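The values are calculated or read from the model by the stated rules, or taken from the named source; none is laboratory data. This structure is a prediction, so every number in the text was calculated from the model and none was measured. No Cβ is skipped: glycine too gets one built from the backbone with ideal geometry, and neighbour counts run over all protein chains shown.
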Amino acid sequence: MAQLYFYYSAMNAGKSTALLQSSYNYNERGMRTLVYTAKIDNRFHEAKVSSRIGISSSAMLFDVKTKFFQEIEIEKDYKTVHCVLVDESQFLIRRQVKDLSEVVDKLKIPVLCYGLRTDFRGELFSGSQYLLAWSDKLIELKTVCHCGRKAGMVLRIDSIGKPVTAGNQIQIGGNEKYISVCRKHYFEALNIASK
């Protein structure tokens, strides 16, 4: 039975690696996957999902105009689709999460979404909000804080490593702009930054 999955975490937990492994597992069995990634995030190459450990795969791009149900239905009519995988799913909008839900419910295709749960302010991304609300399965991928505790929060830092407390929700970057930390160190860093 097809289901909607949301694999969420802080940064550097291996979300893209897990997505690529899942796609590989399907492909190895002769099954076709559709891999999507956000057009806005072109750090590694446009139209690719890339992992920090050095593996990558071609991907279809999505932005706020993408109509997943229509696209996937066309792809399915052309050739069987066994699984849809979406990287950077925090950038989805409400309508798109509904579309992906309908891919599961009407087209009977499993959809695996991978993304951040919260932004640098500790607030939900729109895509994450609706994936948390509507997914059949929620799976947390874990990473660690510098203290050894589970890192569930993300700090945005400036060029000298100081926490940033304001700004646009979306600012594309990697280790040079973001650090994953535990809740305790997240709030400690914000308190220091506000002084």
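Limited to region 4-13, what total is found for residues that are more than 10 Å from the chain's Cα centre (by Cα) and among the small types (Gly, Ala, Ser)?
Going residue by residue through region 4-13, those that are more than 10 Å from the chain's Cα centre (by Cα) are 4-5, 12-13.
Those still in the list that are among the small types (Gly, Ala, Ser) too: 13.
Qualifying residue count, region 4-13: 1.
For GLY127, which of the numbered conditions (1) among the small types (Gly, Ala, Ser); (2) more than 13 Å from ALA13 (Cβ to Cβ); (3) over 14 Å from the mean Cα position of the chain (by Cα); (4) buried (at least 22 other Cβ atoms within 10 Å of the Cβ) fails to hold?
(3)
Yes or no, residue by residue, for (1) surrounded by fewer than 15 Cβ atoms within 10 Å (Cβ to Cβ); (2) modelled with pLDDT of 95 or more; (3) aliphatic (A, V, I, L, M):
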{"site": "GLN96", "(1), (2), (3)": "no, yes, no"}
{"site": "LYS108", "(1), (2), (3)": "yes, yes, no"}
{"site": "PHE120", "(1), (2), (3)": "no, no, no"}
{"site": "TRP134", "(1), (2), (3)": "no, yes, no"}
{"site": "MET153", "(1), (2), (3)": "no, no, yes"}
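Considering ALA133, ALA151, which residue is of a type in the set (A, V, I, L, M), over 27 Å from GLU46 (Cα atoms) and touching a Phe, Trp or Tyr at 6+ places or on another chain (Cβ under 9 Å)? Talk me through it step by step, then tell me what you get.
On the way: ALA133 fails: touching a Phe, Trp or Tyr at 6+ places or on another chain (Cβ under 9 Å).
So the residue among ALA133, ALA151 that is of a type in the set (A, V, I, L, M), over 27 Å from GLU46 (Cα atoms) and touching a Phe, Trp or Tyr at 6+ places or on another chain (Cβ under 9 Å) is ALA151.
Yes or no: region 27-49 includes at least one residue that is assigned to a helix (DSSP H, G or I), over 15 Å from the mean Cα position of the chain (by Cα) and either of a type in the set (A, V, I, L, M) or at pLDDT 90 or above (or both). Show your work before the answer.
Filtering region 27-49 for residues assigned to a helix (DSSP H, G or I) gives 27-28.
Now drop any that are not over 15 Å from the mean Cα position of the chain (by Cα), which leaves 27-28.
Applying the additional criterion that residues be either of a type in the set (A, V, I, L, M) or at pLDDT 90 or above (or both) yields 27-28.
Yes, region 27-49 contains a residue that is assigned to a helix (DSSP H, G or I), over 15 Å from the mean Cα position of the chain (by Cα) and either of a type in the set (A, V, I, L, M) or at pLDDT 90 or above (or both).
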